[in-house]
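Each remark here refers to the structure printed beneath this line.
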C-alpha cells in the first residue's frame, strides 16, 4: 500500500521549539480541524511547543460506499472493533513515525513529543506509541478506540477522554481501549464528558493542563 500525505500544518511557538505535539484528526476531516483549539489550551509561551497537524491520505472508505475522503485507514464495517484495515493503520503509523524522525533531526527527542488524536487519529496515536522503543511524552486519546497489535506500553502516559453519549465510537470501546492499554503497561488518566462524538469545553481545559504537565 502506498498512500500520499500532503504537507502538515505547522504552528511554531514565539521562540525556538523545544517540544512538539503531533495531532491527528478524525475521519473525513483534515489537519485544520484542531488548529483553533491551540489558543484555548492556555499553554505557557515559555514551553516552546510546536504543533503539527498532519493530513490523512485521501482514500475510498468502505462504510461510506467507497466515497473518497481523508482517512487514516479504511473503515470496513460499522462495528469498529471487529474487521480492521491493518495495512492502512500500518501505513499511516509509518508516516507519523517519519514525522517523529523529522522532529528528532531538528533536536526534539521522543520524550518531548506528545502524540494526540481524535477518533481515527487516536487509533494511530495509540498504534505509533505502543511500537516506539523510546516512549513519547504522552498520548492524548480523544473519543477513540484501540486496534493496535503492538504490546509495549511500559512507561507510556495517556490522557484518554470520551463522551458518554458518543454513538460513533461507543463509550464501551473507549473503556475497552483504556483497560487494554493499562494491561500493556501504560498509565491512563481517564475522563468522560457529557457530549457525543465531539469536544467539550471542560475537556479542552483538562487537555491544556495535562499538556502543560507532560511538556513542562
Among the residues of the range 150-181, how many are surrounded by fewer than 15 Cβ atoms within 10 Å (Cβ to Cβ), touching a residue at least 12 places away in the same chain (Cβ under 8 Å) and assigned to a helix (DSSP H, G or I)? 1
In this structure, is residue 147 surrounded by fewer than 24 Cβ atoms within 10 Å (Cβ to Cβ), within 19 Å of residue 28 (Cβ to Cβ) and touching a helix residue (DSSP H, G or I) at 6+ places or on another chain (Cβ under 7 Å)? yes
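Here is a yes/no grid of residues against (1) more than 20 Å from residue 20 (Cα to Cα); (2) more than 11 Å from the chain's Cα centre (by Cα); (3) at pLDDT 95 or above:
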residue: 80; (1), (2), (3): yes, yes, no
residue: 128; (1), (2), (3): no, no, yes
residue: 138; (1), (2), (3): no, no, yes
residue: 153; (1), (2), (3): yes, yes, yes
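Condition (residue is more than 27 Å from residue 216 (Cβ to Cβ) and modelled with pLDDT of 95 or more) applied to the range 34-54: is it met by at least one residue?
Looking only at the range 34-54, we keep the residues that are more than 27 Å from residue 216 (Cβ to Cβ), and these are none.
Within the range 34-54, not a single residue is more than 27 Å from residue 216 (Cβ to Cβ) and modelled with pLDDT of 95 or more.
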Index of the failed condition, residue 213 passing every other in (1) surrounded by 15 or more Cβ atoms within 10 Å (Cβ to Cβ); (2) more than 16 Å from the chain's Cα centre (by Cα): (1)
Among the residues in the range 62-74, are any surrounded by 12 or more Cβ atoms within 10 Å (Cβ to Cβ), modelled with pLDDT of 95 or more, within 22 Å of residue 200 (Cβ to Cβ) and touching a strand residue (DSSP E or B) at 6+ places or on another chain (Cβ under 9 Å)? no
Within the range 20-30, restricting to residues that are surrounded by fewer than 22 Cβ atoms within 10 Å (Cβ to Cβ) and in contact with a strand residue (DSSP E or B) (Cβ under 6 Å, 6 or more places away or on another chain), the one that is modelled with the lowest pLDDT is 28
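The values are calculated or read from the model by the stated rules, or taken from the named source; none is laboratory data. The structure displayed is predicted, hence computed values, not measured ones. Every residue, glycine among them, receives a Cβ derived from its backbone with ideal geometry; neighbour counts consider all protein chains shown.
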